[in-house]
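Inspection log for the structure reproduced underneath, given as structure tokens.
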Amino acid sequence: MTSPTIDSPQFVEEDGFTGMIVDDTGTIAAREYHTDHVTADGTKQRALTSTVTEEAYRGQGLAGKIVQYTLDKALDEGYRIVAVCSYVQSWLEKQDDPRYEQARDTARPEHFPKEG
């Protein structure tokens, strides 16, 4: 098996986040935290709440890669997108892919992480 790299990362799905491994240490270098919701009319939504890159891995474009992977996976699974995280909002504004804009929903109070 080939070791993951920045250009060919390994993505891991955990409860509440997607992780990204980019070397043979197995360290999760970046995470995209999300929550799933179903609206009253049955619409599935994935709220992306926080993007985190470990300090040692910053400055290599990992945040954008994990956001794109997480968004594409959500769309493939039939979710609409709710961008709560400011990084995700900024990333989406720079994209030219109409799929993202067509699948976006406005954040509501239930999409924000609970304090406590």
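Of the strands (runs of 3 or more DSSP E) lying entirely inside the range 1-43, those containing at least 2 residues that are of a type in the set (D, E, K, R) and surrounded by fewer than 17 Cβ atoms within 10 Å (Cβ to Cβ) are 10-14.
When residue 74 is tested against (1) out of contact with any helix residue (DSSP H, G or I) (no Cβ under 9 Å at 6 or more places or on another chain); (2) outside any helix (DSSP H, G or I); (3) of a type in the set (A, V, I, L, M, F, W, C); (4) surrounded by 18 or more Cβ atoms within 10 Å (Cβ to Cβ), exactly one condition is not met: (2). Residue pairs whose Cβ atoms lie under 8 Å apart, separated by 6 or more positions or on different chains, with the first residue in the range 92-112 and part of a helix (DSSP H, G or I) and the second of a type in the set (Ser, Thr, Tyr), are 92/100; 111/35; 111/49.
Here is a yes/no grid of residues against (1) among the hydrophobic types (A, V, I, L, M, F, W, C); (2) at pLDDT below 95:
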position	(1), (2)
58	no, no
62	yes, no
72	no, no
75	yes, no
87	no, no
106	no, yes
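Contact annotation: residue pairs with Cβ atoms under 6 Å, 6 or more positions apart or on different chains, pairing a residue in the range 76-87 that is farther than 13 Å from residue 105 by Cα with a partner that is surrounded by fewer than 21 Cβ atoms within 10 Å (Cβ to Cβ) and of a type in the set (Gly, Ala, Ser), are 85/50. Annotation note: of 46, 58, the sole residue that is without any contact (Cβ under 8 Å) to a residue 40 or more places away in the chain, surrounded by 17 or more Cβ atoms within 10 Å (Cβ to Cβ) and within 30 Å of residue 25 (Cα to Cα) is 46. Which one is surrounded by the fewest Cβ atoms within 10 Å (Cβ to Cβ), of the residues in the range 90-113 that are of a type outside the set (A, V, I, L, M, F, W, C) and within 14 Å of residue 37 (Cα to Cα)? The residue in question is 109. The C-beta contact set for the range 1-25 (first residue touching a residue at least 24 places away in the same chain (Cβ under 8 Å), second residue of a type in the set (Ser, Thr, Tyr), distance under 7 angstrom, 6+ apart or interchain) comprises 11/18; 11/69; 18/69; 18/70; 22/5; 22/57.
The values are calculated or read from the model by the stated rules, or taken from the named source; none is laboratory data. Keep in mind that what you see is a predicted model, and the values were worked out from it rather than measured. When we count neighbours, we look across all protein chains shown, and the Cβ atoms used for this are built from the backbone with ideal geometry, even at glycine.
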